[in-house]
Amino acid sequence: MGRPGRQMEPHEVHLALQRHPGPQAEIRLGGWRQPRLRGLVYKNRLPATLRPLQGRIVGYFYDEPETQGDWGSDVPMLIAERKLDLAKLLVGYKFKLVGEEQTAAFQTYLNIFADSWGRTMYGGMSRWCKDHKVFSMGHFMEHNDCIFSRTMSGGNMMQLQKYSDMGGMDLVCRQVYPGERKMGVYQMPKIVSSISHTYNKVDDIAFCEIYGGYGQKLTYPDMKWLVDWHQVRGVNLLIPHSFNPRAPYDHDFPPYFFNGGFEPRWPLYRVWADYTSRLSLMLSGGKHICPIAFLHVGQSVHSGKFIRPEELTSTIQDALYDCDWLNYDAFENDAVLTGRDLELHKEKYQVLVVPPVETVPYAFLAKAKEFFDRGGAVIGYGFLPTRSATLGKTSADIGLLNKAIWGEAGNNPGTGVCNKNGKGGKSHFLPEKPSVAELSQVLAKDAGITPALQVLEGDTGNWLHVLHREKSESDVFLVCNQNTNAVVRKFKFRANVKGVPEIWDAMRNEINSVPYQRNGGSVEFELSLEPQESVLIVFQLDDRKRPARFSAASVPVQVIAVTRDNAPVAADAQPDVGRKPTKSPVKSDVFLGKCEVPASLDLAKLRVCIELDELVPEAAARLTVNGRDAGGFIGRPFRLDISKQLQPGLNAIRIAPFAPKSARLAVYPY
């Protein structure tokens, strides 16, 4: 995500795979040059096999290949490897077998077909890339129901992309805007990050080719909301769809961030890129912390009735829990049952959700029973499976497993405990669409699984979402207030972690403290968030005495007026070259101001912030002070610490591309 035409500065972070510092180079978070006190100063090290490629291309990207077919001899090869009857599977696929084997034969063939497709094509690309010490990355045509299309993605997109070096998607053609929950795409980032988590991809990197087809009407606040929407679901590498020097004549109509110099919002691109890069660095590597394994419907969508998984997984997230989507094969082959936990590579889950599908593999449900028997929490919802997707197993076998897990209550959805055992195992069978309160009751009160970050006070509006990772012995939470209405929301949180909470503002490049109270293994603190505001909460093992985070109660000790030197201006001129170029829908009005800083102010011992009134038409700004870049922000609060750029006496301030109604300097004590 580097910016064209600029050299990488030592303090900047760019996570695009084609650009890496040296293997021993220290990566600092865009000016967050904190001392190394058991803290989060990381070294970005490529895997040893890739270090010879420093400064060179380290990855190949594929985009919506849409390649279909039966993959030659690989399907019968896989059938032979699994010691199955090719003739029976082909009859079950093309025609119909007598009895219950029809369903199992049909779904077995679909699974083998998808594995053949993935192993041959995407696995083949990945093997070539590995042999040449580069990454294989890209995405399928995964929009809406394409994730289940047997011609677009072999019937199960996750089953194919597990053979790449990371999960990948794109966001195109105005699919989602702030505040929308379109079921076909709303949880797509979670599917993509789950591929990286559950198949143990390097540093859990998952990416999105973002903003394609959104056009010039896409605002920077929209872009910021969509970044948070991805990052809080685990997608931590965002690649803008196009940065096209031919704009506006590219009929693929991406947003023209530069547009030959005729896009007045171009200064905001650096603000977006710095913010996105800081989040990406903080939210990759380390360890993802997630309590719930949600079994993906997979090929079961093609063998009987099913309920789409997005509805319940959205409710899980609204309840401040996280979940990974697991393919049947990842659960059956790689998951290890350890006491009451389910371990899968670096992941550790305490709850298993069985999908509402008519047909499931017998081995999956048998392992779910074993997890329950060992003391695990198993949740079904909507309806339970009734048919076997495994040759040699019948619906009666599936029924016996259902009864062993859910008892006689398996046909009556509710929030009570269906079954329990002496090891602590509990099962629940929820309605198809449980509320946030109902789900929280089942998870927290019955299963004893509370969110690592709980909201004790405050209205989330079901739009406050949390991602949890561990890095360098510290717990890191991304907290996104994705509410779009103009209300500041005040929350009281409880975190069940060690350490002292610091608030890292990736937009404004600040690290601040908040008052907190510790009670045994938990800590409580209050935090106010503006609409669409997001913060990182980092728990340091040492109290580093950071300056306090600004709040409504913060009162400046002095206010200095900033006067405007230039008059408001009209829209930037854009020449008509005869082919109906895409013109920006906004007008720029650059603010050129000045202010006088008294020599008596000790800028080394004070925090001096510029505070702006309304910004229109977009709530975003980039600032320079005395010709030096001071950063910027997208969204509220309209405040930026510019202490390091100020000087005693006269100061020149430039605010672009939109002018505030007024501006002032507010002086606060450290």
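The values are calculated or read from the model by the stated rules, or taken from the named source; none is laboratory data. Note that the structure is predicted; figures quoted are calculated from it, not measured. Quick reminder, even Gly has a Cβ in these numbers, built from the backbone with ideal geometry, and neighbours come from all protein chains shown.
For segment 450-481, which residues satisfy the criterion of being touching a helix residue (DSSP H, G or I) at 6+ places or on another chain (Cβ under 7 Å) and surrounded by fewer than 18 Cβ atoms within 10 Å (Cβ to Cβ)?
Within segment 450-481, Thr450, Asn462 meet the criteria.
Residues are listed down the side, and each one gets a yes or a no for (1) under 24 Å from the mean Cα position of the chain (by Cα); (2) touching a residue at least 60 places away in the same chain (Cβ under 8 Å):
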| site | (1), (2) |
| --- | --- |
| Ile511 | yes, yes |
| Pro515 | no, no |
| Arg518 | no, no |
| Ser528 | yes, no |
| Ser534 | yes, yes |
| Gln540 | yes, yes |
| Phe550 | no, yes |
| Pro556 | no, yes |
| Ile560 | no, yes |
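Please enumerate the residues belonging to segment 423-447 that are among the basic types (Lys, Arg) and under 26 Å from the mean Cα position of the chain (by Cα). Spell out the reasoning first.
As a first pass, look at segment 423-447 and keep what is among the basic types (Lys, Arg): 423, 426, 433, 445.
If the condition is that a residue be among the basic types (Lys, Arg) and under 26 Å from the mean Cα position of the chain (by Cα), then Lys433 is the only one that fits.
Would you check which residues across segment 483-508 are surrounded by fewer than 21 Cβ atoms within 10 Å (Cβ to Cβ) and among the polar types (S, T, N, Q) and list them?
The answer is Thr484, Asn485, Asn496.
Evaluate the following for Leu337: is it farther than 26 Å from Asn144 by Cβ and surrounded by fewer than 19 Cβ atoms within 10 Å (Cβ to Cβ)? Show your work before the answer.
On the way: farther than 26 Å from Asn144 by Cβ: yes; surrounded by fewer than 19 Cβ atoms within 10 Å (Cβ to Cβ): yes.
When the stated conditions are applied, Leu337 passes them.
Listed here are the residues, each with its yes/no results for (1) assigned by TED's automatic domain parsing to the domain that holds Leu237; (2) hydrophobic (A, V, I, L, M, F, W, C); (3) surrounded by 24 or more Cβ atoms within 10 Å (Cβ to Cβ); (4) touching a Cys at 6+ places or on another chain (Cβ under 8 Å).
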residue	(1), (2), (3), (4)
Pro267	yes, no, no, no
Arg270	yes, no, no, no
Tyr275	yes, no, yes, no
Met282	yes, yes, yes, no
His296	no, no, yes, no
His302	no, no, no, no
Lys305	no, no, no, no
Glu310	no, no, no, no
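Any residue in segment 584-613 that's touching a residue at least 60 places away in the same chain (Cβ under 8 Å) and acidic (Asp, Glu): show its pairings with residues that are surrounded by 15 or more Cβ atoms within 10 Å (Cβ to Cβ) and in a loop (DSSP other than H, G, I, E, B) at Cβ separation under 9 Å, as long as the two are six or more apart or on different chains.
Qualifying pairs under 9 Å: Asp589/Pro264; Asp589/Pro657; Asp589/Phe658; Asp589/Ala659.
Given the criterion under 28 Å from Asn144 (Cβ atoms) and at pLDDT 90 or above, identify the matching residue among Asp222, Asp274, Asp203, Asp250. Steps first, please.
On the way: Asp274 fails: under 28 Å from Asn144 (Cβ atoms); Asp203 fails: under 28 Å from Asn144 (Cβ atoms); Asp250 fails: at pLDDT 90 or above.
Exactly one residue qualifies, and that residue is Asp222.
Going through segment 139-198 one residue at a time, which ones are modelled with pLDDT of 85 or more and either of a type in the set (D, E, K, R) or assigned by TED's automatic domain parsing to the domain that holds Gln299 (or both)?
Arg150, Lys162, Asp165, Asp170, Arg174, Glu180, Arg181, Lys182, Lys190
One residue is enough: does segment 157-174 have a residue meeting the conditions surrounded by fewer than 21 Cβ atoms within 10 Å (Cβ to Cβ), of a type in the set (S, T, N, Q) and either in contact with a Pro (Cβ under 6 Å, 6 or more places away or on another chain) or part of a helix (DSSP H, G or I) (or both)?
The answer is no, given that none of the residues of segment 157-174 is surrounded by fewer than 21 Cβ atoms within 10 Å (Cβ to Cβ), of a type in the set (S, T, N, Q) and either in contact with a Pro (Cβ under 6 Å, 6 or more places away or on another chain) or part of a helix (DSSP H, G or I) (or both).
So, in segment 115-129, exactly how many residues are touching a residue at least 12 places away in the same chain (Cβ under 8 Å) and over 26 Å from the mean Cα position of the chain (by Cα)?
Filtering segment 115-129 down to residues touching a residue at least 12 places away in the same chain (Cβ under 8 Å) leaves 115-123, 125-126, 129.
Narrowing further to those that are over 26 Å from the mean Cα position of the chain (by Cα): 115-117, 119-121.
So the answer is 6.
Among the residues of segment 332-352, is any in a helix (DSSP H, G or I) and touching a Phe, Trp or Tyr at 6+ places or on another chain (Cβ under 6 Å)?
If we filter segment 332-352 for residues that are in a helix (DSSP H, G or I), which is where we start, we get 332-334.
Still in the list and also touching a Phe, Trp or Tyr at 6+ places or on another chain (Cβ under 6 Å): 332.
Yes, segment 332-352 contains at least one residue that is in a helix (DSSP H, G or I) and touching a Phe, Trp or Tyr at 6+ places or on another chain (Cβ under 6 Å).
When residues of segment 208-227 are filtered for being out of contact with any His (no Cβ under 8 Å at 6 or more places or on another chain) and in contact (Cβ under 8 Å) with a residue 60 or more places away in the chain, how many remain?
Number satisfying all stated conditions: 9.
Here are some residues: Lys587, Lys580, Lys545. Which one is modelled with pLDDT under 85, part of a loop (DSSP other than H, G, I, E, B) and of a type in the set (Lys, Arg)? Don't jump to the end; show me each part of the working.
Working: Lys587 fails: modelled with pLDDT under 85; Lys545 fails: modelled with pLDDT under 85.
Checking each option against the conditions leaves just Lys580.
Do we have any residue at all in segment 238-252 that's crowded, with 24+ Cβ neighbours inside 10 Å and under 27 Å from Tyr269 (Cβ atoms)? Quick ask: steps written out before the conclusion?
Let us first name the residues in segment 238-252 that are crowded, with 24+ Cβ neighbours inside 10 Å, namely 238.
From what's left, under 27 Å from Tyr269 (Cβ atoms): 238.
Scanning segment 238-252 turns up at least one residue that is crowded, with 24+ Cβ neighbours inside 10 Å and under 27 Å from Tyr269 (Cβ atoms).
Here is a yes/no grid of residues against (1) small (Gly, Ala, Ser); (2) farther than 19 Å from Met223 by Cβ; (3) in the same structural domain as Asp629 (by TED's automatic domain parsing):
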{"residue": "Val442", "(1), (2), (3)": "no, yes, no"}
{"residue": "Asn462", "(1), (2), (3)": "no, yes, no"}
{"residue": "Ser472", "(1), (2), (3)": "yes, yes, no"}
{"residue": "Asp475", "(1), (2), (3)": "no, yes, no"}
{"residue": "Asn481", "(1), (2), (3)": "no, no, no"}
{"residue": "Phe493", "(1), (2), (3)": "no, yes, no"}
{"residue": "Ile503", "(1), (2), (3)": "no, yes, no"}
{"residue": "Asn509", "(1), (2), (3)": "no, no, no"}
{"residue": "Val523", "(1), (2), (3)": "no, yes, no"}
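Among the residues of segment 322-331, is any free of Cβ contacts under 8 Å to residues at least 40 places away in the same chain and either in a loop (DSSP other than H, G, I, E, B) or under 25 Å from Gly286 (Cα atoms) (or both)?
Checked segment 322-331: at least one residue is free of Cβ contacts under 8 Å to residues at least 40 places away in the same chain and either in a loop (DSSP other than H, G, I, E, B) or under 25 Å from Gly286 (Cα atoms) (or both).
Here is a check on your reading of the model: is Asp324 at pLDDT below 95, farther than 19 Å from Glu438 by Cα and within 26 Å of the chain's Cα centre (by Cα)? Quick ask: steps written out before the conclusion?
Details: at pLDDT below 95: no; farther than 19 Å from Glu438 by Cα: yes; within 26 Å of the chain's Cα centre (by Cα): yes.
No, not satisfied.
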